[in-house]
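Before any comments, here is the structure.
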Amino acid sequence: MDSVKHLRFDVAVVGAGPAGIAAALAAADSGKTVGLIDDNPAAGGQIWRGAQNVQRHSVSAVWLERLNKSAIQLVRGARVFHAADGELAAESDDSAIQISYGKLILATGARELYLPFPGWTLPNVMGAGGLQALVKSGLDIAGKRIVVAGTGPLLLAVAAYARKCGAKVVGICEQTTRPRMARFGMKMMLVPGKAAEALHFAYELRGIPHWTDCWPVAAFGNRRLESVRISRQGQTSEIECDYLACGFHLIPNVELPRMCGCQLKNGFVDVNEYQQTSVAGTYCAGEPTGIGGLELALVEGEIAGYAATNWEDRAKHLFPKRARYQTVVRILKAAFPLRPELKNLARPDTLVCRCEDVSHERLCEYTSWRAAKLHTRCGMGPCQGRVCAPAAEFLFGWQIDSVRPPLYPVRCSSLAAIPSHSVPRN
Amino acid sequence: MNKPSEVVIVGAGIVGAACAFELAAEGLRVLVIDEGFPSTGATGAAMGHIVVMDDSEAQFAITRYSQILWDDLCDQLPAAVEFDPCGTLWVAADEEEMAEVRRKFDYYRERGVNAEILDSQQVRDAEPRLRAPLTGALRVPGDSVVYPPCATGFLLQKARELGARIIHGRPVAAIGAGTVRLADGTVLAAAFIINAAGQSAPQLSRGISIKPRKGHLVITDRYPNFLRHQVVELGYLKSAHSLTADSVAFNVQPRKTGQILIGSSRQYGAQNSTVDESILARMLQRAFEYMPDLNSLSAIRVWTGFRPATPDKLPLIGPSPEDPSVLVAAGHEGLGITTSLATAKLICAQILGQRPAIPVQPYLPSRQMTAEAHV
Ligand SMILES: Cc1cc2nc3c(=O)[nH]c(=O)nc-3n(C[C@H](O)[C@H](O)[C@H](O)COP(=O)(O)OP(=O)(O)OC[C@H]3O[C@@H](n4cnc5c(N)ncnc54)[C@H](O)[C@@H]3O)c2cc1C
Ligand SMILES: Cc1cc2nc3c(=O)[nH]c(=O)nc-3n(C[C@H](O)[C@H](O)[C@H](O)COP(=O)(O)OP(=O)(O)OC[C@H]3O[C@@H](n4cnc5c(N)ncnc54)[C@H](O)[C@@H]3O)c2cc1C
């Protein structure tokens, strides 16, 4: 039987992405004990993962360096799968971990939305961030032909990264309209730091076609991807490629906040100006409060870290900075709404749930997620709807209901080691 | 709505669905109404063990009859119902439980149910993952497993093909005197009304008593061939009998998907559907005691459900004590997936004035009135 570890922190931070790192560092300024828990082998989150070996003075290097030098206890490779009554339960490779805390900061980030279209389950069709993560962990894409498709600035980041790693980026398919894209570019120029970023991307991506009003319609290949059919300004054409990296929006990871009892507003965790959620003593920062990019995640994290250690003054100082970056949330929302045509890409036999092989056609018979789930097994597999539930929400407009433990698959022994309380809770 | 229905069934759980199929097959015009969607209630949370039980003669009669009905149906069941004739292994951990194995064996054999006593070594051969040594076990090969929501879907589909109509998302506010009043004010007339509202049945028919009995279940990832039978500890009988204390028992089920469903717990008085960590931990510890390898399997989900329990652990099947135009078909506790089919036969026989295959007296709701009078 696995061992059970007990940890206690004045401030526990879940998620060691930019928001969590900033929060942990701010909280540690007070001298309180801070634990930073993340399911990956190293800190950094989606964007800084594997960034240990980048240039010394980059933003990521500076933050990661500060983290290394701090007294913060980094709990690596530990996934929080349950929360109740002021305690967290996590699992690592060799043990179950019970974590109690005075204050809790949730910085769980976001994941990608996958939209089903014919061929989307072929090997080498993947999420844009997913491809990036694979490359960071060793996949060699030198000389490979890559089509990047979907929406939003993530496409540019991934395309630039892929090119830097030696891939041939055949084209970037952006589903939004040309006028929206143009307005987006203009507005972002006014956000501090973003003009430089845009120029940087423009330079890195020079010569790569960037099509607007363009999206993937189907992917083809025998055993793995060979080509993709795209719709571009009303015309379809086929492009040969080795990888198709799709990124349609990010989905905030609100499952753990919900399990902690935090209220949501329009799908995001509802927080006050101090980043405090509806649950006293529980804070939230980064993507779960709104998709707004790196700078916003950092400043929200700092505010949460200060507020959780009763340093309201310091937190307040950062309000104007946060306000500047919050405009990004609005700009992104206005620029990249998903077009309705994307709801019609799936054919009757296109799989929506790949864990349980449930086709689009079978889901069409139902009127709610729960009914569809019970009767078709959609979302009942190991990913527990992490992939198909957001897709079903977009395709059918269904409300996705209850969160239940475990948030992620865990060993039965870890489940049996959830902290429990002798007082019955009814 | 077109022609008036002859029978309105309130509730599209497995019991309502089975009644709809049976009555439609007899040529009656049937309408099923559910406030949620089919299998919203206990049916959607159940294990789906089709099992012969012998707590009482009446329980034996209805479970055995039902099991035969499931076997008759099995050729028609689509793959989604995941029918699996895996049998049950009742395991004995000590001599006292072994005595129970022998008693149960005799009881089943006398009544024509195939069963087989296994010694310690045979138990190991039958289920190598069980801890050794166990004293022995009773194998009942005729028991099986289904996936309850799809079994319900199948019964409703059959009923539909025979002309039944099903509406969902419409709560029923009141029933009686040949009418069904929906919460939105619609009033429907029917010659017969069947109250198959599960745990909520007493809200529609006064004079009957059903209490929710909470249970927890854990489902794992796929581990084909990990388990062959539904395996239940005989200590289960000791704990399941208690009408007050919270209890847990080792009860694991192989799913056709290769997944393992781990149960079980029983709690009275718990109204909230949230997972109770302490009972969950106790339930899993109990399972690890019997099958240590379970502890390293990946658990993908935990949920709870409420068994609609009557004080004497027998279902209520027959005229409502307060209004004979209403037939109650509810209160099936932890056996409603099994006993749904026999329940439908008994209801149908009462409506058509036919002689049922097993005596209906033990299940008549009026017994609850008599029982109360005795208190
Ligand atoms: C797939 C993907 C790729 C991206 N690529 C880029 C890019 O190339 N360039 C760019 O500018 N922006 C990118 N972004 C956006 C960028 O991540 C955000 O703008 C911002 O940095 C988010 O910071 P965060 O701290 O809120 O979240 P994240 O960086 O997502 O950090 C959250 C961390 O919490 C961990 N976590 C979550 N739940 C648990 C749990 N229950 N237990 C333990 N740990 C948990 C996660 O594993 C993760 O490490 C990407 C986002 C995604 C989702
Ligand atoms: C954890 C657990 C494990 C179990 N394992 C097994 C097992 O292995 N084998 C077995 O045989 N049984 C098992 N059972 C028992 C079985 O689930 C129940 O006995 C059975 O599902 C009861 O079916 P039902 O149709 O009576 O009730 P339900 O499924 O609860 O259906 C009642 C329906 O009525 C509807 N309804 C209620 N009120 C109204 C209203 N006012 N208007 C309209 N509609 C209404 C509800 O929405 C619901 O759909 C288990 C139960 C639990 C909780």
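Observations on the structure shown:
- FRET efficiency estimate (nearest 0.05) - Cβ-Cβ, A:Leu264 to B:Arg170, R0 45 angstrom: 0.95
- Chain B - percent relative contact order, Cα under 8 Å, separation 6 or more: 24
- A Cα-only calculation for region A:1-108 places Rg and Dmax at 13.6, 45 Å.
- Euclidean distance between Cα centres, region B:179-202 to region B:73-135, Å: 41
- Under-21-angstrom lysine pairs by C-alpha in region A:114-248, whenever the two are 8 or more apart or on separate chains: 6
- Pairwise burial A:B, computed as accessible area of each alone minus the pair, summed, 1.4 Å, Å²: 3000
- Among the GluC sites (Glu not before Pro) in region B:7-46, those placed in a DSSP loop whose Cβ has at most 16 other Cβ atoms within 10 Å are B:Glu26.
- On the basis of the beta-carbon distance and an R0 of 41 Å, A:Asp85 and A:Arg183 show a calculated FRET efficiency of 0.30.
- Rule-of-thumb Rg ratio for chain A [Cα; 2.2 N^0.38 Å; N residues]: 0.99
- Helix B:336-352 axis, angle to chain B major axis (alpha carbon atoms, nearest 10°): 30
- Accessible surface for the protein assembly as shown, divided over its residues, is 41 Å² per residue with a 1.4 Å probe.
- Farthest toward the positive end of the dipole of the protein assembly as shown, out of B:Thr304, B:Leu316, B:Leu352, is the Cα of B:Thr304, where the dipole comes from beta carbon charges about the Cα centre.
- Proximal lysines to B:Lys214, defined as alpha-carbon separation beneath 19 angstrom and excluding residues fewer than eight positions away on the same chain: B:Lys238, B:Lys313
- Of all DSSP beta bridges in chain A, antiparallel share, percent nearest 5: 45
- Cα centroid separation - region B:2-46 against region A:295-322, whole Å: 57
- Membrane-span-like helices in chain A (whole DSSP H runs, Cα extent of at least 18 Å along the helix axis, mean Kyte-Doolittle hydropathy of at least -0.5): A:294-308, A:319-335.
- Rounded to whole Å, the principal axis extents of the Cα atoms in region A:346-396 read 24, 19, 19, largest first.
- In region A:348-385, the residues that give up 40 Å² or more of accessible area when the other protein chains are added, compared with the chain on its own (1.4 Å probe), are A:Arg370, A:Leu374, A:His375, A:Arg377, A:Pro382, A:Gln384.
- Alpha-carbon Debye profile of region A:114-248, log10 I(q)/I(0) at 0.13, 0.16, 0.17, 0.22 Å⁻¹: -0.52, -0.78, -0.87, -1.39
- When the Cα positions of A:Thr376, A:Leu134, A:Thr177 are compared along the charge dipole of the protein assembly as shown, A:Thr177 comes out farthest toward the positive end, with charges on each C-beta of Lys, Arg, Asp and Glu.
- Angle between chain B longest axis and helix B:277-290 axis [Cα atoms, degrees, rounded to 10]: 50
- Each Lys and Arg adds +1 at its Cβ and each Asp and Glu adds -1 at its Cβ; summed about the Cα centre, region A:114-248 shows a dipole of about 220 debye.
- The GluC sites (Glu not before Pro) of region A:341-426 that meet both conditions, a loop assignment by DSSP and at most 15 other Cβ atoms within 10 Å of the site Cβ, are A:Glu365.
- Helical runs assigned H by DSSP (4 residues or longer) give the protein assembly as shown a calculated mean residue ellipticity at 222 nm of -9500 deg cm²/dmol, each run adding -39500 (n - 2.57) before division by the residue total.
- GNM top mover of A:Pro216, A:Pro406, A:Pro348 - chain A, alpha-carbon springs below 10 Å: A:Pro348
- Solvent-accessible area assigned to carbon and sulfur over region A:346-396 amounts to 48 percent, based on a 1.4 Å probe.
- Degrees separating the helix B:57-73 axis from the principal Cα axis of chain B, which is the longest one: 80
- The GNM of chain A, with springs linking C-alpha atoms under 10 angstrom apart, assigns the highest mean-square fluctuation among A:Leu374, A:Leu122, A:Leu294 to A:Leu374.
- Percent antiparallel among DSSP beta bridges (both partners in region A:114-248, rounded to 5): 40
- Solvent-accessible area, 1.4 Å probe, carbon plus sulfur percent, for chain B: 52
- A Gaussian network model of chain A, with springs between Cα atoms under 10 Å, assigns the largest mean-square fluctuation among A:Ala196, A:Ala167, A:Ala219 to A:Ala196.
- Once each of the trypsin sites (Lys or Arg not before Pro) sitting in a DSSP loop with at most 12 other beta-carbon atoms within 10 Å is removed, chain A keeps A:225-426 as its longest stretch.
- Straight-line cross-link reach from B:Lys345 at under 18 Å between alpha-carbon atoms covers these lysines, not counting any fewer than eight positions away in the same chain: B:Lys158.
- Cα centroid of region A:197-223 to Cα centroid of region B:302-358, whole Å: 62
- Between A:Thr327 and A:Arg339, the modelled labels are 2.8 nm apart [label points 7 Å from Cα along Cα→Cβ].
- Reduced Cα scattering model of the protein assembly as shown, Debye log10 I(q)/I(0), q = 0.07, 0.08, 0.09 Å⁻¹: -0.61, -0.78, -0.95
- The magnitude of the dipole of region A:346-396, with charges of +1 and -1 set on the Cβ of Lys/Arg and Asp/Glu and taken from the Cα centre, is near 160 debye.
- Estimated dipole of chain A in Debye, rounded to 20 [Cβ of Lys and Arg +1, of Asp and Glu -1, Cα centre]: 780
The values are calculated or read from the model by the stated rules, or taken from the named source; none is laboratory data. The structure presented is a predicted model; accordingly, all values stated were derived computationally and were not measured. In this analysis, Cβ positions are derived from the backbone assuming ideal geometry, glycine residues included, and neighbour counts consider all displayed protein chains. The protein model used for the area step is the full one, side chains on, heavy atoms only, and it has no ligands, DNA or RNA in it. Shrake-Rupley method; radii C 1.70, N 1.55, O 1.52, S 1.80 Å.
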